[in-house]
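The values are calculated or read from the model by the stated rules, or taken from the named source; none is laboratory data. All of these numbers come straight from a predicted model, not from anything done at the bench. Here the Cβ is made from the backbone with ideal geometry for all residues, glycine too, and neighbour counts use every protein chain on show. These area figures cover heavy atoms from the full protein model, side chains too; ligands, DNA and RNA do not enter into them. Shrake-Rupley method; radii C 1.70, N 1.55, O 1.52, S 1.80 Å.
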Amino acid sequence: MSGTAQIGVTGLAVMGRNLARNFARNGYTVALHNRTAARTRELVEHFGDEGDFVATGSAEDFVAALERPRRLVIMVKAGEATDAVIGEFAPLLENGDVIIDGGNAHFEDTRRRERELRERGIHFVGTGISGGEEGALDGPSIMPGGSEESYASLGPMLEKISAKAKDGAPCVTHVGPDGAGHFVKMTHNGIEYADMQLIGEAYQLLRDVAGYSPARIADIFRTWNTGRLESYLIEITAEVLSHVDGATGKPFVDVVLDRAEQKGTGRWTVQIALDLGVPVSGIAEAVFARSVSGHADLRDASRHLAGPAARTLGEDEAAAFADRVEQALYASKIVAYTQGFHEIAAGSEQYGWNIDLGAVASIWRGGCIIRAAFLDRITGAYEARPRMVGLLADRGFAEEIAAAQDDWRTVVATAVTQGVPTPAFAAALAYYDSLRAERLPAALTQGQRDYFGAHTYRRTDRDGTFHTLWGGDRTEVES
């Protein structure tokens, strides 16, 4: 079989199938391979008129169908399955060929694979792909890592199939070496967790405190989507809330079991943030909120716990409260992105990736799940100040969040007095207050650590490290 395909896709479940179709729709000849040959046949039978496909049955035929340098996209389950596919195909490849992992791999696995394959002369490109099955077909946000040489070969193809921002820019950039692409995708998903939790808390407040129906809340979200909160998640939230279950006639959201699942990238975001010493409290609370929702036995056993008496708001009060919730949601959303970009910056420094934060914000403007209007402003802020320490150092965002803070505080206080759990709203506000505080109780914490463990401390009035000999005359000594 002569090499005629510009790119190949192995792993033809929904994401792999749609990505292959996307390449074909954009004029590329695509080689197809799947462990179960029936999926390959089905793709060609149903979508063969969308472009040029080369169906193959074996690994050898698949590799032979690819032109040099070979570009092979793996779309299988992360972990052992990915290693198995690499182990199958790598011996068939040659110097300069490129393997692209489009799954949600852990970035440390990507770093290992890139290192091992580089020693064999094969480029490995860990590539974050966001947008779900619709994005894979119509244009996702794409976050490739790997070598600059591999991007020179692969980049133009990814730019062609990617989503396009409103200004026409492709939503793809070479993020950085080895695991940088999957690290950024991981953090993207962490922000996504926070964004979804914040929206969920806003919904719960509008329902339990303002007393609005799901349909009325859907209208509120549609209104919000015409302003500064414009985003994909706000848009689909309105659609979900307005949907009526066909079997019962009830609001769809009322017949869905309230147990949110997760696939791991949110947990990874929090775990890696802990390793890097980066505070991502809002993202962490979103991850824990999903965990709480899943512990049905713990929740069932706690139904007897007392809460405050319910209070119903009047119509005017409810409308005013809804406006306050919008302010709280926007301010908390800024905090979530602040924490996410801080983690990317810390990871970039730790691993020497030199990630362009402005470029990352730019490629999230289209295709991905967290695409939002205000990413244009985030892009501009980092382009103007590439080494900005955080989004709240930007004057525009700082002024907006300061203007929102009174309503934000009222919403969190109301949630507490009404017994409505809002862990992400509250954590975001606490983060904001921690950043603006002149002094934190960490001074006392460090004193305690020195008392029981001789861990030492630094002083505000002179340089050096000190330890107090606690007990007796409590002599201070310099370490």
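With no solvent and one point on each alpha carbon, what is the Debye value of log10 I(q)/I(0) for segment 1-142 at q = 0.15, 0.18, 0.19 Å⁻¹? One equal scatterer on each Cα of segment 1-142 leads to -0.67, -0.99, -1.11.
Average 1/r across all pairs of distinct alpha carbons in segment 265-356, invert it, and you get the Kirkwood radius: 16.5 Å. In sequence order, segment 78-86 has phi-based couplings of 5, x, 4, 4, 5, 4, 5, 5, 4 Hz under the Karplus curve 6.51 cos²θ - 1.76 cosθ + 1.60, θ = phi - 60°, and Gly or Pro positions carry x. In degrees from 0 to 90, rounded to the nearest 10, what is the angle of the helix 214-224 Cα long axis to the longest principal axis of the chain? Once rounded, the angle reads 80 degrees. When each of the peptides 394-403, 91-100 is scored by the mean number of other C-beta atoms lying within 10 Å of its residues, the order from highest to lowest reads 91-100, 394-403. Please calculate the 1.4 Å probe accessible area of Ser332, with all protein chains present, and give it to the nearest 10 Å². Looks like 0 Å² after rounding.
Where the accessible area of segment 183-434 is counted over protein heavy atoms with a 1.4 Å probe, how much of it, in %, is carbon and sulfur?
Working: 5860 of 11380 Å².
Carbon and sulfur: 51 percent of the exposed surface of segment 183-434.
Per-residue accessible area (protein heavy atoms, 1.4 Å probe) orders His188, His106 as His106, His188, starting from the largest. With the cut-off at 1.5 for a/c, could you classify segment 53-121 from its C-alpha gyration tensor as rounded, prolate or oblate? Oblate shape, in that a/c is at least 1.5 and b/c is the bigger or equal ratio. Calculated FRET efficiency, Thr36 to Leu276, Cβ-Cβ distance, R0 = 60 Å: about 0.90 to the nearest 0.05. Extension gain, Thr4 to Lys164: 0.36 nm times the residue separation minus the Cα-Cα distance gives 54.8 nm. Between the Cα long axis of helix 265-276 and the first principal axis of the chain there is an angle of about 60°, rounded to the nearest 10. I need to check one value: relative contact order of segment 321-383, counting alpha carbon pairs closer than 8 Å and at least 6 residues apart, in percent. The normalised contact order for segment 321-383 reaches 22 percent. Using heavy atoms of the protein chains and a probe of 1.4 Å, the accessible area assigned to Ser281 is about 40 Å².
In degrees, nearest 10, range 0 to 90: what is the angle between the Cα axis of helix 180-208 and the longest Cα principal axis of the chain? Helix 180-208 and the main axis of the chain meet at about 50 degrees.
Order 264-272, 430-438, 460-468, 366-374 from most to least packed using the mean count of other Cβ atoms within 10 Å. List each step's numbers first, then the result.
Working: 264-272: 20.9, 430-438: 13.4, 460-468: 10.0, 366-374: 22.9.
Per-residue mean Cβ counts within 10 Å order the peptides as 366-374, 264-272, 430-438, 460-468.
With every protein chain in place and a 1.4 angstrom probe, the accessible-area ranking of His123, His46, largest first, reads His46, His123.
Treating each Cα of the chain as one equal point scatterer and applying the Debye formula with no solvent, the log10 of I(q)/I(0) at q = 0.08, 0.10 Å⁻¹ comes out as -0.57, -0.84.
How large is the accessible surface per residue of segment 178-302, computed with a 1.4 Å probe and reported in Å² as a whole number? Provide the component values of the computation, followed by the final result.
Details: 5640 Å² over 125 residues.
That works out to 45 Å² per residue.
Above 13 Å, the calculated P(r) of segment 1-59 contains 51 percent of its Cα-Cα pairs.
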